[in-house]
1. Please give the charge dipole size of the stretch 2-202, origin at the Cα centre, charges +1 on K and R Cβ atoms and -1 on D and E Cβ atoms. Round to the nearest 20 debye.
2. Springs between alpha-carbon pairs under 10 angstrom, Gaussian network model over the chain: which of Gly129, Gly117, Gly195 fluctuates most?
3. Counting other Cβ atoms within 10 Å of each Cβ, which GluC sites (Glu not before Pro) in the stretch 9-104 have at most 12 and sit in a DSSP loop?
4. Assign one of three labels to the stretch 61-165, namely rounded, prolate or oblate, based on the Cα gyration tensor with a ≥ b ≥ c the square roots of its eigenvalues; rounded applies when a/c is under 1.5, prolate when it is not and a/b is larger than b/c, and oblate otherwise.
5. For the stretch 147-208, which GluC sites (Glu not before Pro) are in a loop by DSSP, counting at most 14 other Cβ atoms within 10 Å?
6. What does the helix-only formula give at 222 nm for the chain: each DSSP H stretch with n ≥ 4 adding -39500 (n - 2.57), the total divided by the residues, and the result rounded to the nearest 500 deg cm²/dmol?
7. Once the dipole of the stretch 2-202 is set up with Lys and Arg at +1 and Asp and Glu at -1 on Cβ about the Cα centre, which of Ala148, Pro72, Leu93 lies farthest towards its positive end?
8. Taking square-rooted eigenvalues a ≥ b ≥ c of the alpha carbon gyration tensor, is the stretch 1-85 rounded, prolate or oblate, where a/c under 1.5 means rounded and, failing that, a/b exceeding b/c means prolate?
Amino acid sequence: MEQKIEGLIAGLKRRNIEGIYVESRQEAGVKIEQFIPKSSSVGISGSKTLDEIGIVARLEASGYKVFNQYKPGISRQQSMQMRNLGCRADCFLTSCNAISEKGEIVFFSGYGHRTSGISNADNLVVVCGVNKITSSLDQALKRSREHATVLNCKRLDWKSACLQDGTCRKDICLAPEYKRMCCQILVIESEVNPGRMKVIIVGESLGF
Ligand code: SF4
């Protein structure tokens with residue numbers, strides 16, 4: 001595993017992306033705060049990984065302005081407004097669906113807020129458990145759709161074509177019959193701006 005992580009971090013570096021390894025979700029929380037200046041506003045994506053780290057509550061307790069679309073009690077309209085503001089925040093915090101050993105990073109998105117936030121942010125922090133590392137980009141895409149998305153559809157009772165039996169049927173998974181979760185796919189193969197993008201690899205299984 002150690003060699004695989006070293007190879008992955010070297011692969012990210014070649015792509016102008018800073019990769020860092022931490023042992024635990026607690027260390028990931030500390031590292032995330034180090035990567036986000038205190039005065040920053042923060043946009044987030046829906047993410048079981050971020051939930052498991054408990055990062056939103058932690059950032060809010062530390063005084064960050066977090067555009068939290070999942071805040072209890074807010075309306076659907078307010079939630080959508082938070083997502084839009086989050087896409088334009090100083091920092092965007094997210095997890096990925098998979099990452100190849102060479103450092104290609106895969107993100108799936110339903111409405112496109114996640115892909116928008118990732119593409120736009122001046123400061124982008126991605127968190128990824130070791131369970132999401134795959135042998136190739138093809139495997140990363142396969143994992144994202146056939147493993148991560150089907151489990152997320154089930155978790156959120158999302159009315160997609162895979163909801164019933166966990167089998168992807170992307171050729172028929174279209175509106176209005178189905179509510180498709182993986183409408184947009186973003187693969188980051190490289191970064192132009194030095195320092196814009198950081199990937200925290202966590203030595204635990206996190207998210208799907
Ligand atoms: S295309 Fe549809 S059926 Fe396939 S994983 Fe995505 S949401 Fe599920």
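1. On the way: 29 positive and 21 negative charges, 100 e Å.
Value, rounded to 20: 480 debye.
2. Residue with maximal mean-square fluctuation among Gly129, Gly117, Gly195: Gly195.
3. Answer in residue order: Glu23.
4. Oblate, since a/c reaches 1.5 and b/c is not below a/b.
5. Here the sparse-neighbourhood loop sites are Glu177, Glu189.
6. -9000 deg cm²/dmol
7. Pro72
8. In terms of gyration-tensor shape, prolate.
Just so you know, all these numbers are worked out from the coordinates, no wet-lab data involved. From a predicted model like this one, the values you see are computed outputs, not experimental measurements. Note: ideal-geometry Cβ built from the backbone for every residue, glycine included; neighbour counts use all protein chains shown.
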